[in-house]
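The values are calculated or read from the model by the stated rules, or taken from the named source; none is laboratory data. Just so you know, these numbers come straight off a predicted model, no measurement behind them. Here Cβ is always computed from backbone atoms with ideal geometry, including for glycine, and neighbour counts include all displayed protein chains. For the accessible areas, the whole protein counts, side chains as well, though only heavy atoms, and no ligand, DNA or RNA atoms are used. Shrake-Rupley method; radii C 1.70, N 1.55, O 1.52, S 1.80 Å.
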There are 6 protein chains.
Amino acid sequence: MRIVYAVPGPMSKTALGSAELRRRQELLQRWAPEGVEVTVQNVLSGPASIESAYEEHVSVEQTARLVTRLEAEGADAIILGCYGDPGLDALCELTERAVVVGPGAASAHLAAMLGHRFGIVTVADGVVHPLRRLVADAGLAGSLAGIAVVDVPVLELGTDREASALRAADAGRRLIERDGADVLVLGCMSMAFLELDADLRAKLGVPVLNPVKAALAIAHARALFGWRHSKTAYPTPRKLAAGATLDDLVVG
Amino acid sequence: MRIVYAVPGPMSKTALGSAELRRRQELLQRWAPEGVEVTVQNVLSGPASIESAYEEHVSVEQTARLVTRLEAEGADAIILGCYGDPGLDALCELTERAVVVGPGAASAHLAAMLGHRFGIVTVADGVVHPLRRLVADAGLAGSLAGIAVVDVPVLELGTDREASALRAADAGRRLIERDGADVLVLGCMSMAFLELDADLRAKLGVPVLNPVKAALAIAHARALFGWRHSKTAYPTPRKLAAGATLDDLVVG
Amino acid sequence: MRIVYAVPGPMSKTALGSAELRRRQELLQRWAPEGVEVTVQNVLSGPASIESAYEEHVSVEQTARLVTRLEAEGADAIILGCYGDPGLDALCELTERAVVVGPGAASAHLAAMLGHRFGIVTVADGVVHPLRRLVADAGLAGSLAGIAVVDVPVLELGTDREASALRAADAGRRLIERDGADVLVLGCMSMAFLELDADLRAKLGVPVLNPVKAALAIAHARALFGWRHSKTAYPTPRKLAAGATLDDLVVG
Amino acid sequence: MRIVYAVPGPMSKTALGSAELRRRQELLQRWAPEGVEVTVQNVLSGPASIESAYEEHVSVEQTARLVTRLEAEGADAIILGCYGDPGLDALCELTERAVVVGPGAASAHLAAMLGHRFGIVTVADGVVHPLRRLVADAGLAGSLAGIAVVDVPVLELGTDREASALRAADAGRRLIERDGADVLVLGCMSMAFLELDADLRAKLGVPVLNPVKAALAIAHARALFGWRHSKTAYPTPRKLAAGATLDDLVVG
Amino acid sequence: MRIVYAVPGPMSKTALGSAELRRRQELLQRWAPEGVEVTVQNVLSGPASIESAYEEHVSVEQTARLVTRLEAEGADAIILGCYGDPGLDALCELTERAVVVGPGAASAHLAAMLGHRFGIVTVADGVVHPLRRLVADAGLAGSLAGIAVVDVPVLELGTDREASALRAADAGRRLIERDGADVLVLGCMSMAFLELDADLRAKLGVPVLNPVKAALAIAHARALFGWRHSKTAYPTPRKLAAGATLDDLVVG
Amino acid sequence: MRIVYAVPGPMSKTALGSAELRRRQELLQRWAPEGVEVTVQNVLSGPASIESAYEEHVSVEQTARLVTRLEAEGADAIILGCYGDPGLDALCELTERAVVVGPGAASAHLAAMLGHRFGIVTVADGVVHPLRRLVADAGLAGSLAGIAVVDVPVLELGTDREASALRAADAGRRLIERDGADVLVLGCMSMAFLELDADLRAKLGVPVLNPVKAALAIAHARALFGWRHSKTAYPTPRKLAAGATLDDLVVG
């Protein structure tokens, strides 16, 4: 089974660079279920990191081109490599055969299976409302205990892993003690690739979901069992159904 | 007061062309409250019409550039010229002084003031779920009776006004009789600029909201009274707050 | 356009007296959109102020007589001059041509357009639950962060404006910090006519809605565009439809 | 135990007259639990019947005077004699020792104990929305399958009992078959005093609640066990707490 | 009228023993409305106390045998003697003529009639989520302010009544002050038979419901008026309807 | 990885017998992800099939003994072999290391990831309300379009596979056309082991989830990534935590 982790920003062109892409691919391959080959690809232009609704929207066009190309090339499943699932609805409209998985929705549903109310630890005030919408659109608003922000820019998270882990634990503790969370989700891919989930579980005593692993798990299961998204729910855009290409959709 | 109606697609480059832009500007100016000057502007590149979630996302980047320029040029209020309010959350992040109004949210709130449950008459299966999300995000999911689709491509709506009016009335009648709607909203700007609201009200006996007029009303009121959006709710993206420009946000 | 602000209590007969009515009319006229003439009228008997559900109900009969007379006299729109919208449902049943606006519903819907969750600052424990019902009936229960009470009798609010402003700011701060409000609404007409909205916005940094201005804005827009309430939602009482008068409805 | 059934309209002055009051008292006494003495009293002025929100509000002032007098005279419990519980919130504000019961809320809660979703059979379009609010305010919106209207004026219901029973059964059947109701409630006191509950249960095979019996049951239980309403939930109006009388509350 | 209080655990075989059963029967008889004879019966095998979801499920089989026997023997109403209503849905499936009452649902509905939001004081972390489900299944999730745990094993509650009362009052105070409860419910039968309701009401100033009295009240009312549960809502299990016995349902 | 499919009824002692258990084990093994060994075990006493809430409760005690034994013997994950997840809450209380998966919750969450609203096709009126509770307890009430019943006794489903498939397709079509489902779930294990999912998808054009495969997928993922249930959400029963055994919990 071939799963592609599609990064909706040009990470290879940022300070993190190709080394980080490779590091992530190694982790993904290490985490993947048996029989799965994971590769990482990023778009060549887009936001360096996604910390606002604006950056979410802006990432969609290039990501759509990457995802439709990956489907055409035969990928079994594609993981949208950003916790906020930017444009997942659009990607489902544009694809039919390939499984497309958003880590945000995948981890929210898994979290709801592990307890009664989950909390999300994330990294920017600017995504709190977008994440709340994500959970509501997944149908799980009633299972969300809260969202806590660790105030570190995404791009600086990895420079001091220990400090980041401590601040994430503080945020998680607030969610448990004040908001009644009994499960936590890491709400940011950079945290996920720092593997803060194990730290937090050890410190806080509740299950902590890593959204990358959650997306891998759901991508694998859906591809294995042929569970594609409903085209009744996500119809192909009328112009594409009538024969237009993605290029034709944008005029001017 | 200067209000700009910002079309998130390059209408001037489509078959409708500049003539339609002028026609819409005339209607807007005719409908506008006293003391308001309305102009119409469109982006120079983007989707020809917005009939899917994908086209919504894709429209945001150019619209954001137009809207931030309009704010810088001193517009008092900007109406996002598409019923589905594509990227309204992002536009609120990027602006602070100018009022930014989405016709979808504006007409949903006005509809909720006129009755108990409203229905939306729209034009494409592909926007039903995005519109449902829009209403839910406005906090009004419980006031939505339903969404009915008139199966005509947006770009053909105006070619046979009478046929379009009849089909819209059929859809409205279903919403009233089967779903219990007591107020209707036209869920598409092309319908709005055909002024189908008066036809439907006469035929169906319930209030029918034209989203263009709804957006004009809310834009005028908010600019008059200085009701800007909450920056606590829509914080400026971290990189912009730190001095970056919109150009800097997109890499590659 | 003629808008009448109908006070559902006999203010002219209280200590505040006609002077306060005139002061309010001047403010209303100053705030009104271009082309609008606003007059103030009060009922000649009823509660001196409305600080409980009981006083709300008791105000309705005289207010209904005033409002139906104003409609008959050609008013374009009538604003119910009490934040709690007492009897708004009944007034919609009794009218058809004139626009009738409740400041509570109007400001709740406008607040929901400015952010994600709004808080209400009001003046009596006795209206907290009635206001919660008002917001729920407007369909916006999910957008209400909370209601905070400034413990000052309505009729003493204006005697020490600075003290009132400070206490209102404390209440607003609690709504923001503890309950997560990102927009505030003044939940009392006396606060509104003290123009505490500007003070609070300056002190607290979030949008603050003045319900009098909100009602003016919605009344103007609805009258301008002909958006009357749905008679399907608010049917004329059966006896009136059969020819009875308001006098006939009350026996004994 | 002394329970008073307080009719919020001057029935003794209508065509139904004192004979109907006596007939209702006899039924109430026959239905009452052991040890209960029930008397019927009506207000001397107010709406002849309550078929709209307007008539609900207008009934409150006189009913409040009756109810507070009954409390002062030592009644153990007072049943508000109208299905729609008009002004129940206000009556709870004004009383403290006596139990005050609304048949609408009482029967909604009992219905919810007998099945999963209940339907209400009522008699006027004008009360559908007020009843929906009543159920929502009781916290039971999610348990309401629907409300069906038997189109007969309240005051004519009793003139042809068989015809009324047939039409009520039709309405009940719609609620069961189309809306999924598994319990029914008679939503009108005139139907209740026609004892249509037995007819409907026999015809439709689901439990049917008579709101008069429901109110009797709850009044008896609450008086027996001393379950008064929460004064935290229904605080005494500030002016009354400070020593004013009901008369003082209305000026002019 | 004959009401049986059916204890779903073998209390007679525990340390509390038959003396406690007799003490409870005396209290029940003392509390019962006029004309009611109450007896207490317990199952002969099952959990010693119910402090977890597991113990709830395990109690159902023996309780079902007891309840169906009591129905066959002519009991008018049966109270399920555990606050959490374990297996109430199943008992409604298995019975048709007898009224079956759960104290949890009964007290939740009565609490909702006394105020706006109620809190539950209970005795074990292990029942918090089952109680939350119980309230949600009663349709009242929106009326639940919270659940507070007094950390005392059920079987030790009665050994130091004063200490238990103090700790229950602390829990109740938290529900009022932090969670906004305006009515309390004792969420455990051992607390109920200690009559902690009077203590708490005196200390905290809000109504406090004793679930045993609540169940008595509802059982009496339902038996008196013939309000049986809906067999549409709780259909007889298919095998029983086809002639099988309870014994036949369990194989092996 | 060792996954055990634990059947909560003594299938080996019914007409289906050990042959059916073997057939199911073969299918499970065929469907399982790479690296997974699946075995099937059933309890030795309990309901022959589960078609009511009563049968659900009755199955829990023996299933708990089986599941805790399987955990002690080192099973990585245990699938509760009944669509309605009977006693899943209790099984989570009793286990800590092993993953325990309910097919009902697992398939509901997966269904919610494939579309906007899912429908359940099941086989007995008696489980409709238990299934509705299951979905609500999973937090997904708002994503459930409806539940449709194929009126065939569970134990006869397999005797005419074609007829069962046709009736299931009729039920699925009703869910899609009348209730707006865009994804379907087979709500019964017997349907699942008939592999009706492929038939239905072909006939109806929407994704159809097989709950056995859903449970396998989630069990595999959770065991692989170590996602155990939250002991904060599902605390160990107090008596067990204090050293008692399952045997000790049942007295008499």
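Cα centroids of the range A:160-197 and the range C:175-244: how far apart, whole angstrom? Spelled out, the Cα-based centre of one part sits 41 Å from the other.
Given a 1.4 Å probe, how much area per residue of the range C:104-211 is accessible, in Å²?
Here the per-residue accessible area is 32 Å².
For chain A, a Gaussian network of Cα nodes joined below 10 Å ranks A:Asp160, A:Asp179, A:Asp76 by mean-square fluctuation, and the top entry is A:Asp160.
Report the relative contact order of the range B:104-210, percent, no decimals, based on alpha-carbon pairs under 8 angstrom and at least 6 residues apart. About 34 percent, as a whole number.
Suppose we flag trypsin sites (Lys or Arg not before Pro) only when DSSP calls them loop and at most 12 other Cβ atoms lie within 10 Å. Which is the longest uninterrupted stretch of chain C?
Longest gap between qualifying sites, sites excluded: C:1-96.
Excluding ligands, DNA and RNA and using a 1.4 Å probe, chains D and E jointly bury around 3300 Å² of accessible surface, summed across both partners.
Between F:Ile176, F:Ile79, F:Ile120, the residue with the greatest mean-square fluctuation in the GNM of chain F (Cα pairs under 10 Å linked by springs) is F:Ile176.
From the alpha carbon centroid of the range A:79-153 to that of the range B:104-124 is 28 Å.
Estimated at the nearest 10 Å², the accessible area of C:Cys92 is 10 Å² with a 1.4 Å probe.
Taking all protein chains together, C:Glu93, E:Glu73, B:Glu195, C:Glu71 sort by accessible area into E:Glu73, B:Glu195, C:Glu71, C:Glu93, largest first [probe 1.4 Å]. Relative to the dominant Cα principal axis of chain B, helix B:161-177 is inclined by about 80°. For the residues B:Leu216, B:Leu196, B:Leu186, a GNM of chain B with alpha-carbon springs under 10 Å puts the largest fluctuation on B:Leu196. In the range C:81-234, the portion of solvent-accessible area held by carbon and sulfur atoms comes to 47 percent [1.4 Å probe, whole percent, DNA, RNA and ligands not counted]. The sum of -39500 (n - 2.57) across all DSSP H runs of n ≥ 4, divided by the residue count of chain E, sets its helix-only mean residue ellipticity at 222 nm to -14000 deg cm²/dmol. Remark: spin-label model distance C:Asp248-C:Asp179 equals 4.5 nm, labels positioned 7 Å along the Cα→Cβ axis. Model label points for C:Ala202 and A:Ala163, set 7 angstrom from Cα along the Cα-to-Cβ axis, are 3.9 nm apart.
Give, rounded to the nearest 20 debye, the magnitude of the charge dipole that the range A:104-211 has about its Cα centre when Lys and Arg contribute +1 at Cβ and Asp and Glu contribute -1 at Cβ.
On the way: 10 positive and 13 negative charges, 60 e Å.
The dipole of the range A:104-211 has a size of about 280 debye.
Note on B:Arg30 and F:Ala141: the model spin-label points, each 7 Å out from Cα along the C-beta direction, lie 4.9 nm apart. Charge dipole of chain A (Cα centre as origin; +1 on each Lys and Arg Cβ, -1 on each Asp and Glu Cβ, all else neutral): 400 debye, rounded to the nearest 20.
The Cα-based radius of gyration of the range B:129-252, divided by its Kirkwood radius, gives an Rg/Rh of 1.09.
Computed from point charges on the beta carbon alone (+1 for Lys and Arg, -1 for Asp and Glu), the dipole magnitude for the range C:141-191 about its Cα centre is near 80 Debye.
Can you give the FRET efficiency for D:Arg23 and C:Arg65, using 1/(1 + (r/R0)^6), R0 = 41 Å, r = Cβ-Cβ distance, to the nearest 0.05?
Rounded to the nearest 0.05, the efficiency is 0.75.
Compute the angle between helix F:53-72 and the longest alpha-carbon principal axis of chain F, please, reported from 0 to 90 degrees and rounded to the nearest 10. So the inclination is approximately 50 degrees. Summing charges over neighbours of A:Leu16, with a neighbour being any other residue whose Cβ is under 13 Å away from its Cβ, gives +2 when K and R count +1 and D and E count -1. Checking the Cα-Cα distances for B:Lys13/B:Lys203; E:Lys231/F:Lys231; B:Lys231/C:Lys213; D:Lys203/E:Lys231 against a 26 Å cut-off, the pairs over it are B:Lys13/B:Lys203; E:Lys231/F:Lys231. For chain A, the longest principal axis of the Cα atoms and the long axis of helix A:17-31 meet at an angle of about 80 degrees.
Label-point spacing at F:Arg30 relative to the other copies reads 3.8, 6.8, 6.9, 6.9, 8.3 nm, in ascending order, each point sitting 7 Å out from Cα along Cα→Cβ.
Net charge in the neighbourhood of A:Gly87 (other residues with Cβ under 9 Å of its Cβ; Lys, Arg +1, Asp, Glu -1) is -4.
In the neighborhood of D:His220, defined by Cβ-to-Cβ distances under 15 Å, what is the net charge if each Lys or Arg adds +1 and each Asp or Glu adds -1? All intermediate terms of the calculation are to be shown ahead of the outcome.
On the way: positive: D:Arg2, D:Arg30, D:Lys213, D:Arg222, D:Arg228, E:Lys213, E:Arg222; negative: D:Glu34, D:Glu37, D:Asp76, E:Glu34.
Counting the neighbours of D:His220, the net charge comes to +3.
Classified by the C-alpha gyration tensor, the protein assembly as shown has an oblate form. Its axis ratio a/c, with a ≥ b ≥ c, is 1.5 or above, and a/b does not exceed b/c.
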